[in-house]
Structures are given as structure tokens and as C-alpha cells.
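Below: the structure, in C-alpha cells.
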């Protein structure tokens with residue numbers, strides 16, 4: 001069970017998290033979680049390029065270790081990278097010391113101070129510690145590309161129905177999401193670019 005559109009009251013409950021970027025301009029912030037991996041991440045980069053679309057990739061440290069060339073390509077093409085823990089840990093199921101150590105190990109591989117918790121799950125103690133050094137970036141719209149129980153068209157429609165100017169949209173450059181992503185990403189780029197929207201990266205914040 002997941003919520004596609006993060007309710008406003010939830011965003012207000014956690015004002016220190018970044019849920020969206022306030023703007024009246026026609027801009028979306030596409031984010032990709034769980035990579036980098038072969039085939040899928042390079043395809044994402046190839047698909048973004050013709051639209052001059054910039055994005056933010058929240059990278060799993062172990063995948064960076066396995067595929068450093070793909071990671072460097074993300075940076076070379078002008079996208080932003082963020083920390084997604086070394087081993088894609090669920091904060092609710094991990095003690096705070098272990099979790100923070102895992103984040104630090106990822107930080108040794110992924111520069112900058114953007115952080116997204118896998119599954120969006122953090123304990124209060126983890127969040128309190130991380131906010132000292134990171135901007136915690138969550139999302140306004142969850143595409144559901146990881147959900148094999150929905151169609152690729154439904155994944156795209158989740159974005160089209162709920163995205164607003166400044167929305168942070170979650171997609172995944174992962175094998176699990178690949179089928180949905182290969183439909184939804186070109187569809188959303190065509191749809192929004194055709195209406196004069198642009199696609200920007202989440203910039204590194206001061207903390």
C-alpha cells in the first residue's frame with residue numbers, strides 16, 4: 001500500500017523535509033532511486049538527453065561501487081546525485097547507529113548533502129541526526145513504477161493526474177521498475193515538454 005500524492009497535512013507535519021520546490025513555473029523535478037545499474041540507468045540518461053532534462057539520482061552506495069562508470073556518467077551529464085544509503089536500508093527496521101554508519105559509507109562514494117531514505121522510512125532519531133548534515137528530500141508524487149500490479153499506463157497517469165509546478169516525482173532506475181519506466185518516462189517527457197514544461201534537478205541545499 002502506498003500513497004501516490006503526498007497529502008498536504010503530511011508535508012506540514014514534517015516541514016524540515018523537502019517535498020516539493022515552491023514555484024509558479026512549469027517545472028518538474030524528476031528523481032530516480034536505487035541505481036545506478038547497467039542497461040536501465042544508461043537508458044534513462046539517453047531518454048532524458050534529447051529533452052535537455054536534468055534529474056536527481058538517489059544512488060545506492062553498493063551500486064556505485066559496482067558501476068562507477070555509470071555513476072560518473074550521471075554526473076558528467078549534469079545531473080545531481082544524492083545518498084540513498086549503502087545497502088538500501090529500511091530505517092524502521094534498522095537501529096540508528098547502524099543506519100547512520102550505512103549512510104556515511106554511502107557518503108564516501110556519493111558527494112553532496114542530499115539524502116533520501118529508502119522507502120521514505122526514517123526513525124525520529126535517525127532524522128534528527130541526519131538533518132545536521134543533509135537535506136532530506138522526499139516527494140510530492142510517487143509514480144508507482146515499482147508496482148507490478150498496475151499497468152505502465154497507470155504509472156504515467158499517476159504522474160499526469162497529480163503533478164503540479166514544483167512537484168518532486170519519484171521514479172526508479174531499477175530492474176523491478178524497468179517495464180513501467182520504459183513506458184512512463186518517454187510519455188511524461190513528451191507530454192510535459194509539449195506543454196512547455198521543463199525538467200530540473202534538485203539542487204544541493206545549505207544545511
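Going by the conditions given, is residue 21 surrounded by fewer than 20 Cβ atoms within 10 Å (Cβ to Cβ) and either in contact (Cβ under 8 Å) with a residue 12 or more places away in the chain or within 18 Å of residue 168 (Cα to Cα) (or both)? It is true that residue 21 is surrounded by fewer than 20 Cβ atoms within 10 Å (Cβ to Cβ) and either in contact (Cβ under 8 Å) with a residue 12 or more places away in the chain or within 18 Å of residue 168 (Cα to Cα) (or both). Number of residues in the stretch 165-189 that are touching a helix residue (DSSP H, G or I) at 6+ places or on another chain (Cβ under 8 Å) and more than 21 Å from residue 38 (Cβ to Cβ): the value is 4.
Taken together, the residues in the stretch 95-110 that are surrounded by fewer than 17 Cβ atoms within 10 Å (Cβ to Cβ) and under 18 Å from residue 18 (Cβ atoms) amount to 0.
Within the stretch 44-65, being in contact with a strand residue (DSSP E or B) (Cβ under 7 Å, 6 or more places away or on another chain), crowded, with 21+ Cβ neighbours inside 10 Å and not in a helix (DSSP H, G or I) holds for 53, 55, 56, 57, 58, 59.
For residue 68, the criteria (1) buried (at least 18 other Cβ atoms within 10 Å of the Cβ); (2) without any contact (Cβ under 8 Å) to a residue 40 or more places away in the chain; (3) over 21 Å from residue 169 (Cα atoms) hold in every case but one, which is (1).
Within the stretch 66-78, is even one residue in contact with a strand residue (DSSP E or B) (Cβ under 6 Å, 6 or more places away or on another chain) and either outside any loop (DSSP other than H, G, I, E, B) or closer than 25 Å to residue 121 by Cα (or both)? Yes, the conditions are met somewhere in the stretch 66-78. Exactly one residue out of 148, 182, 201, 164 is part of a loop (DSSP other than H, G, I, E, B), more than 15 Å from residue 17 (Cα to Cα), out of contact with any strand residue (DSSP E or B) (no Cβ under 9 Å at 6 or more places or on another chain) and in contact (Cβ under 8 Å) with a residue 24 or more places away in the chain, and it is 148. Taken over the stretch 116-135, the criterion of being surrounded by 23 or more Cβ atoms within 10 Å (Cβ to Cβ) and closer than 22 Å to residue 27 by Cβ is satisfied by 116 alone. For the stretch 117-142, a residue qualifies if it is within 19 Å of the chain's Cα centre (by Cα), in contact (Cβ under 8 Å) with a residue 60 or more places away in the chain and assigned to a loop (DSSP other than H, G, I, E, B), and the qualifying residues are 131, 133, 134, 138, 139, 140.
When 179, 148, 164, 160 are screened for being surrounded by fewer than 17 Cβ atoms within 10 Å (Cβ to Cβ), more than 16 Å from the chain's Cα centre (by Cα) and under 19 Å from residue 56 (Cβ atoms), only 164 passes.
Bear in mind these aren't lab numbers, they're just calculated from the coordinates by the rules spelled out. Keep in mind that this is a model prediction, so the values were computed, not measured. As a convention, Cβ positions derive from the backbone with ideal geometry for all residues, glycine included, and neighbour counts pool all protein chains shown.
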